[in-house]
1. Ranked highest first by the average count of other Cβ atoms within 10 Å around their residues, in what order do 127-133, 104-110 fall?
2. Need one number: nm distance between label points at residue 91 and residue 106, each 7 Å from Cα along Cα→Cβ, rounded to one decimal.
3. With the contact rule set at Cα under 8 Å and sequence spacing of 6 or more, what percent relative contact order holds for region 29-133?
4. Working only with C-alpha atoms, what are the Rg and Dmax values of region 29-133, expressed in angstrom?
5. What is the extension gain from residue 114 to residue 83, computed as 0.36 nm multiplied by their sequence separation minus the C-alpha to C-alpha distance, in nm to one decimal?
Amino acid sequence: MWHFRLWDVQDVAVFLSIALYMCHLAGAISIHSPQKSLTRSVQEDVFFSVDITCDGIPTIQWTFMSGAVSRTIGTWQPGLYTNITVDYSSRVQHYNNGSMGLSDLRLADAGYYQVTVTETAGSSKDAGFVLKVN
Ligand SMILES: *[C@@H]1O[C@H](CO)[C@@H](O)[C@H](O)[C@H]1NC(C)=O
Ligand SMILES: *[C@@H]1O[C@H](CO)[C@@H](O)[C@H](O)[C@H]1NC(C)=O
């Protein structure tokens, strides 16, 4: 029984050091997203709601992924600049808390949406959403 307990302690120690390392890498960024999976119909709108907290002004980037396709939707830094990809510019709304709205949905919009938050010091963190379009 004794050596089983030893393994437990070792597992916990490994887990803790990985957790500490991850916290260190992620810095002070946190991404709060109430809902990670959404279903909408064609021509409807969707709102990917997130709330970001981090040190300094974050760089927020949204990426769309579906099968082999991966494309940048837009990048912005609240109050500094906004760069929405031309294909999306008429349908995307961006918010300072990192949220993004996409209107007039098409079947091809179904897929995985990832938001990546990068802080001035260079560390970054991401969160993903799955969108189904009927
Ligand atoms: C982010 O901001 C938008 C617009 O102000 C708001 O509607 C949304 O609820 C916010 N999201 C969160 C998770 O706080
Ligand atoms: C805007 O984003 C596009 C796509 O990611 C990129 O190719 C382009 O260089 C960016 N433009 C500026 C001014 O940052």
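1. Top of the packing list down: 127-133, 104-110.
2. The two pseudo-label positions are separated by 0.6 nm.
3. Computed value for region 29-133: 37 percent relative contact order.
4. Here Rg and the maximum Cα pair distance are 13.1, 40 Å.
5. Length gained, residue 114 through residue 83: 9.5 nm.
FYI, it's all coordinate maths here, none of it is from the lab. Bear in mind that the values here come from a model prediction, so they are computed numbers and not experimental data. A quick note on method: Cβ atoms are made from the backbone with ideal geometry, for glycine too, and the neighbour counts reach across all protein chains shown.
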